[in-house]
1. List every residue whose amide H lies under 5 Å from the amide H of residue 122, counting only residues 5 or more places away in sequence or on a different chain, with H placed 1.01 Å from N in the peptide plane.
2. With θ set to phi - 60°, apply the Karplus curve 6.51 cos²θ - 1.76 cosθ + 1.60 along the range 62-68 and write out the HN-Hα couplings as whole Hz, x wherever there is a Gly or Pro.
3. Tell me what the chain gives for mean residue ellipticity at 222 nm when only DSSP H runs of n ≥ 4 count, each as -39,500 (n - 2.57), the sum divided by the residue total, rounded to 500 deg cm²/dmol.
4. Please identify, among 93, 130, 51, the residue showing maximal mean-square fluctuation in a Gaussian network model of the chain using a 10 angstrom Cα cutoff.
5. Work out Dmax and Rg for the chain from the C-alpha atoms and quote the Rg first, both in angstrom.
6. For an R0 of 30 angstrom, estimate the FRET efficiency from the Cβ-Cβ distance between residue 84 and residue 113 and round to the nearest 0.05.
7. List the trypsin sites (Lys or Arg not before Pro) within the range 1-67 that DSSP assigns to loop and that have no more than 14 neighbouring Cβ atoms inside 10 Å.
8. At 0.36 nm per residue, and after removing the present C-alpha to C-alpha distance, how many nm does the segment from residue 72 to residue 35 gain when stretched out fully?
Amino acid sequence: MTEGYQKPLPHIDEMNRPYWDAAKRHELMLQRCQECGHYRYPPGETCPRCLSDRLQWEKVSGRGTVHTWTVFHQVYHPSFASEAPYAVVAVELEEGPRMVTNLVDCKVEDIEIGLPVEVVFDDVTEEITLPKFRPTATEDSPSH
Ligand SMILES: [Zn+2]
């Protein structure tokens, strides 16, 4: 836990609560359509593919690849000042959906499209755990 976390926090509502509850347990869960198997993110009422409303929360692998990325050199929020430049990436999960997220444990110059990544969980407050991604460990890498 980080005392006095200063960054903007996600807004939790009834629709996305299962996602954040899972993150708190250090699990990545997405809605999956029980009709056609499509995973959707962000959460919604219906499947964008077949329009079924039979969506259920299922745990996913947490693995994916960098689909695209950008580096912020400018500080848009004062709480990020100590971290600039920092990368914001779109990760394409193995299950299909893309998530905009932070890449950690990776130098900006080492980021590339297609880089294999895996989810890690950052407990930023008592209530909120943020899923982030880091390069997939290929050999024995130091744990955190
Ligand atoms: Zn569907």
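1. 130, 132
2. So the J values, rounded to whole Hz, are x, 9, x, 9, 6, 8, 7.
3. Estimated from H runs of four or more residues: -1500 deg cm²/dmol.
4. In this elastic network of the chain, the residue with the biggest mean-square fluctuation among 93, 130, 51 is 51.
5. 15.9, 46
6. Efficiency at R0 = 30 Å is approximately 0.85.
7. 25, 49, 54
8. Value of the extension gain: 9.3 nm.
The values are calculated or read from the model by the stated rules, or taken from the named source; none is laboratory data. Bear in mind that the values here come from a model prediction, so they are computed numbers and not experimental data. Glycine also receives a Cβ, built like all others from the backbone with ideal geometry; neighbour counts cover every protein chain displayed. Heads up: the accessible areas ignore ligands, DNA and RNA and are worked out on the full protein's heavy atoms, side chains in. Shrake-Rupley method; radii C 1.70, N 1.55, O 1.52, S 1.80 Å.
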